[in-house]
1. Pick out the one residue from Ala203, Ala231, Ala215 that is out of contact with any Ser or Thr (no Cβ under 9 Å at 6 or more places or on another chain), over 16 Å from Gly160 (Cα atoms) and small (Gly, Ala, Ser).
2. Taking interchain pairs and intrachain pairs at least six residues apart, which have beta carbon atoms under 8 angstrom, with the first residue in the range 171-190 and more than 20 Å from Ala251 (Cβ to Cβ) and the second surrounded by fewer than 14 Cβ atoms within 10 Å (Cβ to Cβ)?
3. Filtering the range 88-97 down to residues that are touching a strand residue (DSSP E or B) at 6+ places or on another chain (Cβ under 7 Å) and surrounded by fewer than 24 Cβ atoms within 10 Å (Cβ to Cβ), which residue is nearest to Leu141 (Cα to Cα)?
4. Tell me, please, whether a residue that is basic (Lys, Arg) and part of a loop (DSSP other than H, G, I, E, B) can be found in the range 44-53.
5. What are the residues in the range 300-334 that are in a helix (DSSP H, G or I), surrounded by fewer than 20 Cβ atoms within 10 Å (Cβ to Cβ) and among the polar types (S, T, N, Q), if any?
6. For a quick check of your reading: which helices (runs of 4 or more DSSP H) sit entirely within the range 192-272 and have at least 1 residues that are surrounded by fewer than 18 Cβ atoms within 10 Å (Cβ to Cβ) and of a type in the set (A, V, I, L, M)?
7. Quick one: which residue in Ala80, Ala99, Ala86, Ala17 is over 17 Å from Ser157 (Cβ atoms) and touching a Leu at 6+ places or on another chain (Cβ under 7 Å)?
Amino acid sequence: MQDILASHKLAIKKFAAKNPVFVCVISYTATSEIPGLTVAGANPELVKYTSTADAEFLYHGRCKCIDVVPATPDGKPTPALITRTALQAAGIPLLVVDAGAKVKPSIPYLSFGLEQGRNIMNENAMDDSMVARAFEYGELLGKQLAALSDLVVIGESIPGGTTTALAVLSALGIDARFKVSSSMPENPHDLKNRVVTSAIKRAGSIGSPFGAVAAFGDPMLPSAAGIAAGALAAGSRVMLAGGTQMSAVVAILKRIGRPLGKICIGTTTYVAKDPSADLAGLVDAASRQVPVLSCDLHMGESSKLGLQAFAKGFVKEGVGAGGASIAAMLKSKGRITGKKLLRAIEKEYEISIEAARR
């Protein structure tokens with residue numbers, strides 16, 4: 001377990017699991033179409049395929065909605081590559097939830113029947129009824145997953161999600177400016193802050209958690225919050241697998257009065273130690289009960305330049321990569337280490353990225 005760090009004492013032991021299950025919530029927000037906001041997708045036209053391609057890759061090791069695995073032209077891959085490797089290494093079952101994805105994936109998945117999130121600069125992200133449905137369906141699913149698993153790990157894939165998370169956190173009174181992470185080394189804080197300021201000016205002050213999500217959020221947030229709430233209510237533990245977006249999920253659960261004693265955030269050290277963000281500070285502002293677990297995947301030691309990029313500030317996290325890796329380490333009782341995962345990730349990289357370019 002030497003590659004897992006925790007912000008609270010005994011957190012690693014508390015979240016050890018024999019049969020974790022991994023759920024990836026895929027979604028879309030038109031806010032991601034604002035130029036310069038996200039690196040997801042090789043170009044703006046491909047952003048709508050990002051979460052769908054990630055989900056397909058988790059199942060197939062390749063994508064069906066597009067011809068190639070999501071990666072930048074110089075080989076920086078989707079973090080789904082890490083997630084897939086970790087889940088397979090530890091034999092952790094996978095479930096994908098469509099919570100408003102713009103393009104539907106060619107895999108088995110559960111649908112919450114949600115529309116895509118709208119651009120928060122121009123209009124409310126969702127109708128109130130859609131937020132209520134996302135949370136209700138999530139809660140029902142979470143209760144079922146708790147009957148099957150002692151740790152429900154919830155990941156996400158939604159381009160532009162850190163900006164909508166910033167907006168929701170701000171609406172709930174948490175100062176998140178200059179604290180959310182980015183898939184880019186140069187975090188576009190000024191742009192994100194302008195988007196959020198414009199959205200709040202448009203909609204006005206909204207203090208209720210679901211009202212804030214409807215005005216400023218995205219469909220992933222209430223869906224993930226609902227799954228977490230249902231699993232917790234049924235007695236399971238929950239790991240929110242992601243970066244600063246998941247602090248917004250914690251804030252939502254806290255504001256609606258759900259107990260948080262059995263929930264943690266699982267991420268990579270590249271987010272936890274990101275000098276351009278403050279995950280620990282955001283989580284503490286949302287709830288001091290929730291520990292942050294992070295894993296070192298030793299990407300800086302990789303022989304692959306595309307993987308080294310994770311340690312240099314590119315991508316850093318996504319598709320539940322950190323949480324899936326932590327769950328693999330916990331389930332294996334430490335037999336799966338960060339360095340062992342790195343070797344497996346490199347093999348997956350050779351098959352899915354390098355071989356496809358030959």
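1. Exactly one of Ala203, Ala231, Ala215 is out of contact with any Ser or Thr (no Cβ under 9 Å at 6 or more places or on another chain), over 16 Å from Gly160 (Cα atoms) and small (Gly, Ala, Ser), namely Ala203.
2. Short answer, once both residue conditions are applied: Pro188/Gly36.
3. Leu95
4. No, every residue in the range 44-53 fails to be basic (Lys, Arg) and part of a loop (DSSP other than H, G, I, E, B).
5. Listed by number, the list holds a single entry, Gln308.
6. Helices (runs of 4 or more DSSP H) meeting the threshold: 220-233.
7. So the residue among Ala80, Ala99, Ala86, Ala17 that is over 17 Å from Ser157 (Cβ atoms) and touching a Leu at 6+ places or on another chain (Cβ under 7 Å) is Ala17.
Let's see how each residue does on (1) under 22 Å from Asn19 (Cβ atoms); (2) of a type in the set (Ser, Thr, Tyr); (3) modelled with pLDDT of 95 or more; (4) in a loop (DSSP other than H, G, I, E, B):
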| residue | (1), (2), (3), (4) |
| --- | --- |
| Pro108 | yes, no, yes, yes |
| Gly113 | no, no, yes, yes |
| Ile120 | no, no, yes, yes |
| Asn124 | no, no, yes, yes |
| Met130 | no, no, yes, no |
| Ala134 | no, no, yes, no |
| Lys143 | yes, no, yes, no |
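The values are calculated or read from the model by the stated rules, or taken from the named source; none is laboratory data. The model shown is predicted, which means the values in this text are computed figures rather than measured ones. Here Cβ is always computed from backbone atoms with ideal geometry, including for glycine, and neighbour counts include all displayed protein chains.
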